[in-house]
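Accompanying notes for the structure given below.
Here, each number is a calculation from the coordinates, and none is a lab measurement. Just so it is clear, the structure is predicted and the values come from calculations on it, not from any experiment.
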Amino acid sequence: MHRRLQSTLTLHQAVGESPTLARLTQRVHESNQRLKAIEALIPITLRPAVKAGPVDDENWCLLVSGNAAAAKIRQLVPLMQDSLRRQGWKVATIRLKILFAKRQ
């Protein structure tokens, strides 16, 4: 007996057919847009250490590689919140999550 292979979906099709995936995609896009909106506030040398993280309605998380970078970014959080609010984003908190490199 031969089974018929189901046709595969593209990512775009899968997102279109799944409300959960569509919402997740929207949140990822929103998080990236927030990072772009405050990028000018981050010193150029620290920009590679900062990535957009999870976002929900009024809370956002920045992923920062290392303690030293996080300490510098932590000082900028109030300025970032004010900037995002002026640009129309609802931001109650910005949390920092420190990412550590895996040792080999």
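Here's the list of lysines a cross-link from Lys97 could span, going by alpha-carbon distance under 16 Å and ignoring same-chain residues fewer than 8 apart: Lys51, Lys72.
Residue by residue, the stretch 75-85 carries 3J(HN,Hα) couplings of 5, 8, 4, x, 5, 5, 4, 4, 5, 4, 4 Hz when phi is fed to the Karplus relation 6.51 cos²θ - 1.76 cosθ + 1.60 (θ = phi - 60°); x denotes Gly or Pro.
Seen from a random direction on average, the alpha-carbon convex hull of the stretch 11-99 projects onto 6.1 square nanometres.
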